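Chemist: Let me give you the structure first, and then I'll get to my questions.
The values are calculated or read from the model by the stated rules, or taken from the named source; none is laboratory data. These numbers come from a predicted model, not from an experiment. In this analysis, Cβ positions are derived from the backbone assuming ideal geometry, glycine residues included, and neighbour counts consider all displayed protein chains. Areas reflect the complete protein model, heavy atoms only, side chains present, ligands, DNA and RNA absent. Shrake-Rupley method; radii C 1.70, N 1.55, O 1.52, S 1.80 Å.
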Amino acid sequence: MKIAIMGAMSEEVAPILEALGNYNTVEYAGNKYYEATYKGVDVVVAYSKIGKVFSTLTATTMIEHFGCDRLLFSGVAGAINPELKVGDLIIATKLAQHDLDITAFGHPHGYVPEGAVFVDADRSLIETGKKVATSLGKSVKEGVIATGDQFVADEERKNWIAATFNADALEMEGASVAVVCNALGVPFFILRAISDAADMDASFSFDAFLETSAIESAQFVMQMVDEIVGQ
Ligand code: 3QA
């Protein structure tokens with residue numbers, strides 16, 4: 001077993017590296033990858049940089065180059081569902097690319113031929129996540145995450161994404177990581193803590209809560225690792 005733990009921004013993986021303590025840094029394909037042994041299990045940690053392209057590269061590298069056989073993503077997200085407040089956690093059940101658009105040919109948003117609008121996350125890792133939530137006494141929401149190469153800070157765009165994908169939260173990497181893991185047969189789990197509400201105050205909220213929300217998510221993901229390692 002070799003577990004990939006990834007985020008998009010350095011702030012999202014910093015608390016994970018801190019929890020691991022000792023790691024070995026490897027540079028590859030323009031990024032840094034951090035290798036460690038945690039409770040006897042190999043882990044590889046990295047932040048991809050922001051967006052679908054960089055996250056695709058990092059997820060692929062972690063699987064194809066480093067040999068990871070499961071992937072956990074930890075980070076922050078903008079809330080769509082009004083029940084989600086800053087600091088709340090959401091586990092992705094399925095993910096879609098909200099900015100993938102060949103609707104001119106009659107296809108639905110998020111769809112390209114031989115692809116699918118939604119990619120399902122791994123059911124058994126979601127169950128592990130729920131178990132961890134229960135043991136921590138935390139309420140963690142499960143829901144749809146929409147991904148696109150856009151920081152959404154606009155009520156109209158947010159409402160469109162909500163209506164089109166029935167999404168509960170949005171971010172910029174989950175669906176691309178999902179596509180990679182699905183294609184390569186690697187079980188994946190995407191966890192996000194809310195940093196903002198993707199509205200006109202989003203950039204301020206994001207700046208204010210990136211660090212604390214990233215820690216919320218990372219702590220939960222480390223509990224997931226504990227649970228997986230113990231299984
Ligand atoms: C965007 C980060 C990217 O990795 C996606 C945060 C939180 N709120 C969001 C929103 N819309 C889309 N995505 C998100 N992450 C941060 S760009 C600012 C970078 O600052 C999730 C996310 N509303 C760098 C300093 O200049």
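Chemist: Considering (1) under 16 Å from the mean Cα position of the chain (by Cα); (2) open to solvent by 60 Å² or more (accessible area, probe 1.4 Å); (3) more than 11 Å from the ligand (Cβ to nearest atom), say which one Q150 fails and leave the rest.
Modeler: Answer for Q150: the failing condition is (3).
Chemist: For region 59-68, state whether one or more residues are under 16 Å from V221 (Cβ atoms) and within 16 Å of the ligand (Cβ to nearest atom).
Modeler: yes
Chemist: Considering each residue of region 14-32, count those that are of a type outside the set (K, R) and touching a Ser or Thr at 6+ places or on another chain (Cβ under 7 Å), and give that number.
Modeler: Adding up the residues that qualify gives 4.
Chemist: Same structure again: Going by what's in this entry, would G129 be described as closer than 22 Å to M224 by Cβ and away from the ligand (no atom under 15 Å from the Cβ)?
Modeler: It is true that G129 is closer than 22 Å to M224 by Cβ and away from the ligand (no atom under 15 Å from the Cβ).
Chemist: May I ask you to verify whether I145 is β-branched (V, I, T), in contact with a Leu (Cβ under 9 Å, 6 or more places away or on another chain), open to solvent by less than 10 Å² (accessible area, probe 1.4 Å) and assigned to a helix (DSSP H, G or I)?
Modeler: No, not satisfied.
Chemist: Sticking with this one: Starting from region 166-178, take each residue that is touching a residue at least 24 places away in the same chain (Cβ under 8 Å) and outside any strand (DSSP E or B) and list its partners that are of a type in the set (K, R) and within 11 Å of the ligand (Cβ to nearest atom), counting only C-beta distances under 6 angstrom and pairs at least six apart or across chains.
Modeler: S176/K52
Chemist: Would you mind finding the one in D199, D226 that is in contact with a helix residue (DSSP H, G or I) (Cβ under 9 Å, 6 or more places away or on another chain), at pLDDT 95 or above and not in a helix (DSSP H, G or I)?
Modeler: So the residue among D199, D226 that is in contact with a helix residue (DSSP H, G or I) (Cβ under 9 Å, 6 or more places away or on another chain), at pLDDT 95 or above and not in a helix (DSSP H, G or I) is D199.
Chemist: Just to be sure I understand the filter: pairs with C-beta atoms under 9 Å, separated by 6 or more residues or on different chains, first member in region 179-198 and away from the ligand (no atom under 16 Å from the Cβ), second member in a strand (DSSP E or B) and of a type in the set (K, R). Which pairs pass?
Modeler: Taking only residues 6 or more apart or on different chains, the pairs are C181/R70; V186/R70; P187/R70; F188/R70; F189/R70.
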